[in-house]
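Reviewing the structure listed below.
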Amino acid sequence: MSINQEQVLILDYGSQYTQLIARRCREEGVLSYIERWDIPLAEIKKLKPIGIILSGGPSSVYDGNTPRRIEDLSELEIPILGICYGMQLMTRSSGGTVESSPRREYGRAVVNLRSGSRLLAGLEPEEHVWMSHGDHVTSIPDGWLQTAVSDSGVIAAIEHPTKDYFGVQFHPEVSHTLSGAKIIRNFLYNICDAAGGWSMGSFARQTIEEMRKKVGEERVICAFSGGVDSAVAATLLHKAIGNQLRCVLVDNGLMRKNEAEDVRKFFGKRFGESLIVVDASKEFLEDLKGVVDPEKKRKIIGHRFIDVFLEEAKKFKGAKYLLQGTLYPDVIESAQSHGPAAVIKTHHNVGGLPAKLGIDLLEPVRDLFKDEVRQVGRELDLPDQVVMRHPFPGPGLAVRIVGDITAEKVKILQDADAIFIEELRNADWYHKVSQALAVLLPIYSVGVMGDARTYEQVVALRSVDTRDFMTADFSPLPHGLLARISSRITGEVRGINRVVYDVTSKPPGTVEWE
Ligand code: XMP
């Protein structure tokens, strides 16, 4: 997090919506960061936030071991907005009362506003909001004002007339709160006196400048995949330091059809000498010969990847930094997790690299959410083909070929996958789904083609809709589209006579089959 920039601090008490609060502030042009609720006051002072938002949370202010910190924040003399649990904490610490209700209020609600509120200025007398709480405030602290009440009689908003303290029982960050953005804007601009102006364009310009200063004359090496995160990170760095950057794309032979070549062509034009493509497909396939166990496949690929990459790194002498496209959701230490490790996916393929290289990490997009990275990509003139690409796992098609891997199977799967993706694009479905893929199954089934009996392999198609890839639903692709894909794959890909569609959600399934 930057200490020189106008920013709002969000203290996370464990709400499922905390990240949304951060995004809403950013959308309104003010940079915002999430920290755990117990971040030391001295740290907060260093960051000089212009305001603080206390998130909601699953706890009750009356439970024994709940996060309670609030009192010392008043020392900062900056505006504070408490949302749900945050409002209850403020109430308790100022002498009001909070009570549990037997029934949780969850979902849409209507609140009636009193005039004169600074936080709710410009809203209608009656507003539709999103509630999600068990406890609620039953008497407000002395000197505070009640500024809204819900239809069911719950105190919905309070504020202190002089101290810049505000509380809302509902969730302004959730889109079902129709005037939520206005409330956030009021807080940022009318109460915290934000100057605003933070945008992806300004982020890109500042980051390029910061990176140029930080790197100086040093060299930076990057494990480049061509995916959106590494593409945006590398483009920022290339603009900052030009040929002091070396991006290494390791072609493991398990990428999508023509992918290594496409990436080389596209980014080669932009990066020039800064992009090296190493064809190590033979080595990878040799290592994987006869290996069936999914975890073994991952380990073998990870080890070989590190070997190939280190070899290239040696050639680029004296690199001082390793560039990585780490994103904000990977680094947020949420109040519900046990530190960053709990949220980082276990399958980060280059996990061992920084230690092996013994050099520092450079993570220019670590403050951004995925859709923000995409916007930065657009600012940098990266086309939709790159910016809107579905994620692709580091071990590539190896975890989509169930059973052992051969060059022939890779080719079959690449062809089937390419047809699937092409048809999704043609039908305008590619951007509607989060990730689509084909899986080659080690199953042979009987079919008939022309007049002849066939005995060939099965391809499973999988397409999922998800926000965070931790849970996912299968996509409701139209039957006509599935029929077209199936008939093209069985007609055009030798070795496949049957196509099935995976209708499993996650959980219990995972996105990948291995
Ligand atoms: P799962 O299969 O765990 O996938 O539901 C969730 C998301 O993670 C991707 N994935 C991987 N990405 N290396 C990666 O870089 C891996 O080993 C790996 N395994 C799964 C998967 O494609 C999906 O987007």
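The values are calculated or read from the model by the stated rules, or taken from the named source; none is laboratory data. Worth saying up front: this structure is predicted, and the values here are computed from it rather than measured. Positions of Cβ are backbone-derived with ideal geometry, glycine not excepted, and every protein chain shown enters the neighbour counts. Surface areas here come from the heavy atoms of the whole protein model, side chains and all, with no ligands, DNA or RNA. Shrake-Rupley method; radii C 1.70, N 1.55, O 1.52, S 1.80 Å.
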- Query: What is the residue count in the range 391-412 for residues that are outside any loop (DSSP other than H, G, I, E, B), within 12 Å of the ligand (Cβ to nearest atom) and touching a helix residue (DSSP H, G or I) at 6+ places or on another chain (Cβ under 7 Å)?
  - Reply: 4
- Task: Those residues that are of a type in the set (A, V, I, L, M) and in a helix (DSSP H, G or I), I need them from the range 265-323; list them, please.
- Result: L285, L288, I300, I301, I306, V308, L310, A313
- Message: Looking at (1) closer than 26 Å to G302 by Cβ; (2) over 29 Å from the mean Cα position of the chain (by Cα), which one does I496 not meet, given that it meets all the others?
- Response: (1)
- Query: Within the bounds of the range 202-224, is there any residue that is assigned by TED's automatic domain parsing to the domain that holds D381, within 28 Å of E422 (Cβ to Cβ) and polar (S, T, N, Q)?
  - Reply: no
- Scan (1) free of Cβ contacts under 8 Å to residues at least 24 places away in the same chain; (2) crowded, with 18+ Cβ neighbours inside 10 Å; (3) among the hydroxyl-bearing types (S, T, Y) for the single condition S179 breaks and write down its number. (1)
- Note on the structure: Taking the range 489-514 and the residues there that are assigned to a helix (DSSP H, G or I) and open to solvent by 50 Å² or more (accessible area, probe 1.4 Å), the one that is farthest from the ligand (Cβ to nearest atom) would be G491
- Message: Let me spell it out: the conditions are (1) in a strand (DSSP E or B); (2) touching a residue at least 40 places away in the same chain (Cβ under 8 Å), and D415 meets all of them except one. Which number is the exception?
- Response: (1)
- Task: Report yes if V448 is of a type in the set (A, V, I, L, M, F, W, C) and either more than 13 Å from the ligand (Cβ to nearest atom) or part of a helix (DSSP H, G or I) (or both), otherwise no.
- Result: yes
- Note on the structure: Residue pairs qualifying under the 6 Å Cβ cut-off, at least six apart or on distinct chains, with the first in the range 457-472 being modelled with pLDDT of 95 or more and the second being within 9 Å of the ligand (Cβ to nearest atom), are R462/L437; V464/S434; V464/Q435; V464/A472; V464/V511; D465/S434
- Note on the structure: For I70, the lone unmet condition from (1) closer than 14 Å to K163 by Cα; (2) surrounded by 14 or more Cβ atoms within 10 Å (Cβ to Cβ) is (1)
- Item | Criterion: crowded, with 16+ Cβ neighbours inside 10 Å and within 15 Å of the ligand (Cβ to nearest atom) - qualifying residue of L362, L461, L441 | L461
- Query: Can you tell me how many residues in the range 470-485 are open to solvent by less than 50 Å² (accessible area, probe 1.4 Å) and within 16 Å of the ligand (Cβ to nearest atom)?
  - Reply: 2
- Could you please let me know if E105 is in a strand (DSSP E or B), touching a His at 6+ places or on another chain (Cβ under 8 Å) and open to solvent by 90 Å² or more (accessible area, probe 1.4 Å)? no
- Item | Given (1) open to solvent by 50 Å² or more (accessible area, probe 1.4 Å); (2) at pLDDT 85 or above; (3) within 16 Å of the ligand (Cβ to nearest atom), number of the condition K297 does not satisfy | (1)
- Message: Criterion first (part of a strand (DSSP E or B), without any contact (Cβ under 8 Å) to a residue 40 or more places away in the chain and either open to solvent by 40 Å² or more (accessible area, probe 1.4 Å) or of a type outside the set (K, R) (or both)) does I221 satisfy it?
- Response: no
